1. Which one is farthest from S104 (Cα to Cα) among residues in the stretch 131-152 that are of a type outside the set (S, T, N, Q) and surrounded by fewer than 23 Cβ atoms within 10 Å (Cβ to Cβ)?
2. Is it the case, given these coordinates, that I277 is under 29 Å from E174 (Cα atoms), crowded, with 20+ Cβ neighbours inside 10 Å and either basic (K, R) or within 16 Å of the ligand (Cβ to nearest atom) (or both)?
3. Among the listed residues G116, G89, identify the single one that is in the same structural domain as G313 (by TED's automatic domain parsing), closer than 19 Å to N260 by Cβ, assigned to a loop (DSSP other than H, G, I, E, B) and free of Cβ contacts under 8 Å to residues at least 24 places away in the same chain.
4. L232: touching a residue at least 40 places away in the same chain (Cβ under 8 Å), within 12 Å of the ligand (Cβ to nearest atom) and either assigned to a strand (DSSP E or B) or not polar (S, T, N, Q) (or both), yes or no?
5. Evaluate the following for A190: is it away from the ligand (no atom under 13 Å from the Cβ) and modelled with pLDDT of 95 or more?
6. Among (1) surrounded by fewer than 18 Cβ atoms within 10 Å (Cβ to Cβ); (2) near the ligand (Cβ under 9 Å from one of its atoms), there is one condition P266 misses while meeting the rest; what is its number?
7. Within the stretch 144-189, work out how many residues are of a type in the set (V, I, T), in contact (Cβ under 8 Å) with a residue 60 or more places away in the chain and part of a loop (DSSP other than H, G, I, E, B).
8. Please go through the stretch 244-263 and pick out each residue that is under 19 Å from I27 (Cα atoms) and either surrounded by fewer than 23 Cβ atoms within 10 Å (Cβ to Cβ) or away from the ligand (no atom under 14 Å from the Cβ) (or both).
Amino acid sequence: MLNPRFYEALGIDDIREKVQASERLTIEDGRRLFECPDLSSVAALAHYVRMQRHGMRVTWVRNRHVNYTNVCANDCRFCAFHRRVGEEGGFTLNLDEIVDKATSAGDITELHIVGGCHPELGLDFFETALRTLHKKLPNTSIKAFTPVEIEHFAKLESISTREVLERLSAAGQEMMPGGGAEIFDPDVRARICPEKVSGDEWLRISKEAHSMGIRTNCTMLFGHVESVEHRLDHLDKLRRLQDETNGFICFILLPFLIKNSALELPEGFAGVSAPDILRTLAISRLMLDNIPHIKSYWVMLGVKLALTALHYGADDFDGTVVEEKIGHMAGASSEQALTPEGIVAMACDCGFTPVERDALFRPKNTEPQGESPC
Ligand code: V47
């Protein structure tokens, strides 16, 4: 129940009215929500939208991450995962190792494959890997390669990104994860990831994938050197592209984890705060009115905050994950994996209705899972 008197007192009753009338919020509205002194009132707006769209459902997936290499031609300053060619700590999996990892996690619905931009791994390696995985795991959807990797393969092979996408999807890539978006603003990118594709190029490749029928996710890495304006600009760019293509399925908010980062940070900076994460997530839900799902990614948030975020507009809990490196090398203190039973029990304990999904967010079955106390 959104009480107009509370919102009038906060000076944002016009925003409450828009939300309840399903009207689009402006960037200026977003800015005012960042400034609103009462976080719970912002949360209530996001929760209202979540309830309209998804009720108390929280989706999750049996999945596994495979990072095929951490060797990367880009040297993103925030990234603790990557190593330069020849640098200590670099790893590159061969085909057998990729297949072993993918098949060792039991019955999975989604395989999440990403890696660094390795200067020597050609497209034929990935086509073979996808074909082999598809054969071995015929009932598992392969969500693989961000727009950053797609651009890297195109450069390496001197072909267009469209051709890369055509070849990968013919080999078994079913959808694409949303990593590498960071913050689109060029000045921010110049500070945090100067070698990486531009924000415009990331958006162009996502658009190209959508035009070919490949659904993708999108992300925002925040809590480093960017301002609230940069966050809102990033969300606006995603929203504009989604108006054109409707190709994004899910948005994932990634709070910057600071351990082992080469980014120059202010003295004493301990990372983004929980209230800032929850507020940014709630505002993302409100601004991204055309993206169906908002993920609470427990790996980066930690399980407790990720469960809390389900009350701030998020409706997806990602999945079992099994082996995660990017967040954990940057200091994530969350578990390496969750069990299906654990996810179901936690969602129920928090009053939600867990729904197992596939990679494209279609429910796996219609039977209710677990028992919610509410
Ligand atoms: O691309 C890197 C970010 C991303 C750090 O699409 C960092 O379903 C925080 O994109 N602190 C990888 N974030 C994770 C990702 C993802 C995860 C789960 C599901 C999906 C999906 C996508 O993490 C990277 C980068 O943007 N990242 N370093 C760091 N220190």
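1. The extreme case among them is E151.
2. No.
3. Details: G116 fails: free of Cβ contacts under 8 Å to residues at least 24 places away in the same chain.
Of G116, G89, the one residue that is in the same structural domain as G313 (by TED's automatic domain parsing), closer than 19 Å to N260 by Cβ, assigned to a loop (DSSP other than H, G, I, E, B) and free of Cβ contacts under 8 Å to residues at least 24 places away in the same chain is G89.
4. Details: touching a residue at least 40 places away in the same chain (Cβ under 8 Å): yes; within 12 Å of the ligand (Cβ to nearest atom): no; either assigned to a strand (DSSP E or B) or not polar (S, T, N, Q) (or both): yes.
No: the conditions fail for L232.
5. Considered against the rule, which asks whether it is away from the ligand (no atom under 13 Å from the Cβ) and modelled with pLDDT of 95 or more, A190 comes out as yes.
6. The failed condition is (2).
7. Just the residues of the stretch 144-189 that are of a type in the set (V, I, T), to begin with: 146, 148, 150, 159, 161, 164, 183, 188.
With in contact (Cβ under 8 Å) with a residue 60 or more places away in the chain added as a condition, the list becomes 148.
Subset that is part of a loop (DSSP other than H, G, I, E, B): none.
Total satisfying the criteria: 0.
8. Taking the stretch 244-263 and keeping what is under 19 Å from I27 (Cα atoms), we get 244, 251, 253.
Matches in the stretch 244-263: E244 only.
The values are calculated or read from the model by the stated rules, or taken from the named source; none is laboratory data. Fair warning: this is a prediction, and the values are worked out from it, not measured in the lab. Here Cβ is always computed from backbone atoms with ideal geometry, including for glycine, and neighbour counts include all displayed protein chains.
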